Amino acid sequence: MKMIVAVVQDKDSSHLSQALVENGFRATKLASTGGFLKAGNTTFMIGVEDEKVDDVLAVIKDNCQSRKQMMAPMSPMGGNADSYVPYPVDVQVGGATVFILPVDRFEQF
Ligand code: 2BA
């Protein structure tokens, strides 16, 4: 069994949840925040049998798209001056960042 951890943009999360349910996959959604943009995103935890991993990846790929996101200048006041960006920049945010982890044991009580 594998645990698929997928960080996706909030805009794609409802389509992805619906598609996972329609394809018979179980998932847990966690509200998360990107460390770089400090914007909300959604992290999916999807436990699946090894042979279904590619099917889940296909569903994720079909439902998550890469987009450009504007990163506004951030004031260093009260924040960390090291991360100060004095001008707006476009950042390409990926459709999904996916980690596939081995599961030692799975129990449900
Ligand atoms: P954020 O950390 O908010 O990053 C948003 C986007 O900003 C990233 O898109 C990337 O294009 C850019 N970015 C991130 N760190 C950067 C840096 N140090 N310098 C320049 N540009 C940077 P993605 O790579 O598609 O990542 C989307 C979200 O996926 C991330 O949001 C983060 O929440 C998660 N993520 C990405 N890589 C990760 C990793 N190795 N471990 C854990 N979470 C990760």
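None of the figures in this text is laboratory data; all of them are computed from the coordinates on show. Note that the structure is predicted; figures quoted are calculated from it, not measured. Note that we place each Cβ from the backbone using ideal geometry, even for glycine, and neighbour counts take in every protein chain shown.
Some notes on this structure:
- The range 1-18 and the range 24-61: distance between their alpha carbon centers, rounded to Å: 3 Å
- Counting only residues at least eight positions apart within a chain, or on another chain, the lysines with an alpha carbon under 16 Å from that of Lys29 are Lys11.
- Acute angle (nearest 10 degrees) that the helix 10-22 long axis makes with the longest principal axis of the chain, alpha-carbon atoms: 0 degrees
- For the pair Val5 and Gln92, label points projected 7 Å from Cα toward Cβ lie 2.5 nm apart.
- Pairs of alpha carbons in the chain whose separation is greater than 16 Å (percent): 62 percent
- Of the peptides 62-68, 101-107, the order by per-residue mean of other Cβ atoms within 10 Å, starting with the highest, comes out as 62-68, 101-107.
- Other-chain or far-sequence residues with amide H under 5 Å of Asn41's (modelled H): Ser32, Thr33, Gly34
- Mean separation of Cα contacts under 8 Å (6+ apart) over length of the chain, as relative contact order %: 36 percent
- Within the chain, helix-based [θ] at 222 nm, where runs of 4 or more DSSP H residues each add -39,500 (n - 2.57), nearest 500: -7000 deg cm²/dmol
- Computed E for Leu101/Ala72 - FRET, C-beta separation, R0 41 angstrom, nearest 0.05: 0.75
- Fully extended contour minus Cα-Cα distance, from Phe109 to Met45, at 0.36 nm per residue: 21.2 nm
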